[in-house]
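Single-structure report; data block below.
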Amino acid sequence: MALSNSIPSSCITNQFSLPSSALKSLKPPLFWPWQKVKMGPLTVSPMGFGTWAWGNQLLWGYQPSMDSQLQQVFNLSVENGINLFDTADSYGTGRLNGQSEKLLGKFIREFPGEKRIQDDIVIATKFAAYPWRVTPGQFVQACRDSRDRMQVKQIGIGQLHWSTANYAPPQELALWNGLVAMYEKGLVKAVGVSNYGPKQLIKIHDYLKARGVPLCSAQVQFSLLSMGEEQMEIKNICDSLDIRLISYSPLGLGMLTGKYTPSKLPQGPRGLLFKQILPGLEPLLVSLREIAQKRGKTIPQVAINWCICKGTVPIPGVKTVKQAEENLGALGWRLSSNELLQLDYAARESPRRMIQNIFQTK
């Protein structure tokens, strides 16, 4: 069940044991993604799930009435081998800020399976570089606040959500020292960054290394819609420095699902973005559809598998059981080298790309 030639065999462990909860209910998992990858000192599933929508009303239409279904999504994911969940202290809207963290903590505590499975779950949360977080101590306090919301003893990966190097360089150094402090105090098992461009990524890696703190992961927008020169440079740096790249928005906010067309757009802010990009995606969507049909897969499964085959750990967002089941179908198989080349070529032929996150540095 090799998932990627890009992942060294030394970084993979096989775990074929079936969760006892599945045995007890006589319902085997839908899929078998028991092959794991190394992420710093941690062992994680080859795909995680993102929880941006778990509290965000503006972009994703979250309502508290969704919580029971989100808990089903969480349980289904864990029962099928997913143990990496990405969140942030800023995920939520207004009074719901931190809601994603609260829900994850609640779902872990209430998971019906064995405790060893609960203990295996890795929460990667991000701490926002708010303008009022100007000292290492304030950043450490942000970490403690996240830990309290989740009610966990230790966070898996504490990540700096974005760099302030472009507009507040002195704050950047304070945040780096905050990462060091939270690691040294044992508040997190590992540290990572998000939205760091190639130059700043090398700088923070070297700074942390000099302080005796390994940089575990770098999270950036990475997909068939976001594979420009800079993103590929980030990927190469991660490979050379033994940093695991976590690819967020692997489905381009939904543009790579095949569900939308220029005449059928999602509502809200996404619709405006889709209107600009979708008309130029036909070469890529045609290739995705062709491979999906040949493989007996769906377009999103092929797009996510592409990220896995590139050696990254994608974290597609999930809101419903149906989405979770579909995303799980991206595991347990791999695209051929010819299929990867076909998709790479089709992506380059598409005239429009995903707009990069404005917080990503150089």
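Derivation of every value follows stated rules applied to the coordinates shown; laboratory data play no part. Since the model is a prediction, treat every value here as computed from it, not as a measurement. Note that we place each Cβ from the backbone using ideal geometry, even for glycine, and neighbour counts take in every protein chain shown.
Restricting to Cα pairs below 8 Å that are 6+ residues apart, what does the relative contact order work out to for the range 231-309? Please round to a whole percent.
About 30 percent, as a whole number.
Average the reciprocal distances over every distinct pair of alpha-carbons in the range 263-307, invert the result, and give the Kirkwood radius in Å. Don't jump to the answer; show the numbers that get you there.
On the way: mean 1/r = 0.0858 Å⁻¹.
Result for the range 263-307, one decimal place: 11.7 Å.
Within 10 Å of each candidate Cβ there may be at most 12 other Cβ atoms; applying that plus a DSSP loop requirement, which chymotrypsin sites (Phe, Trp or Tyr not before Pro) in the range 127-201 survive? Before the final figure, lay out the partial values.
On the way: sites: Phe127, Trp132, Phe139, Trp162, Tyr167, Trp176, Tyr183, Tyr196; in loops: Trp132, Trp162, Tyr167, Tyr196.
Within the range 127-201, the qualifying chymotrypsin sites (Phe, Trp or Tyr not before Pro) (loop, at most 12 other Cβ atoms within 10 Å) are Trp132, Tyr167.
Just add up the charged neighbours of Thr43: K/R +1, D/E -1, any other residue whose Cβ is under 14 Å from the Cβ of Thr43. List each step's numbers first, then the result.
Working: positive: Lys36, Lys38, Arg116, Lys189, Arg244; negative: Asp119, Asp120.
Residues near Thr43 contribute +3 overall.
Which whole-number percent is the relative contact order of the chain (Cα, under 8 Å, 6+ apart)?
Values: 674 pairs, mean separation 73.1, N = 362.
Rounded, it is 20 percent for the chain.
When every alpha-carbon pair in the range 44-167 is counted, what percent end up more than 18 Å apart? Intermediate results must be reported in sequence, preceding the final value.
Values: 3935 of 7626 pairs.
Of the Cα pairs, 52 percent sit more than 18 Å apart.
Testing the spin-label approximation: label points 7 Å from Cα along Cα→Cβ at Ser336 and Glu290. State their distance in nm.
1.3
Roughly how many nanometres apart are two label points built 7 Å out from the Cα toward the Cβ at Glu282 and Gln151?
Here the answer is 5.4 nm between the modelled labels.
Using a 10 angstrom cutoff on alpha carbons, build the Gaussian network for the chain and name the most mobile of Phe222, Phe111, Phe85.
Answer for the Gaussian network model of the chain: Phe111.
Stretch Glu114-Asp344 to full length: gain in nm at 0.36 nm per residue minus the Cα-Cα span?
On the way: separation 230, 0.36 × 230 = 82.80 nm, distance 4.16 nm.
Gain in length upon complete extension: 78.6 nm.
Under a Cβ-Cβ cut-off of 15 Å, what is the net charge of the residues other than Val213 that fall near it, where Lys and Arg count +1 and Asp and Glu count -1?
Values: positive: Lys185, Lys189, Lys203, Lys209, Arg211; negative: Glu184, Asp206, Asp242.
Taking every other residue near Val213 into account, the sum is +2.
Output the Kirkwood hydrodynamic radius of the chain, Cα pairs only, in Å rounded to one decimal. The partial results should precede the final answer.
Working: mean 1/r = 0.0484 Å⁻¹.
Every distinct Cα pair counted, the radius reaches 20.6 Å.
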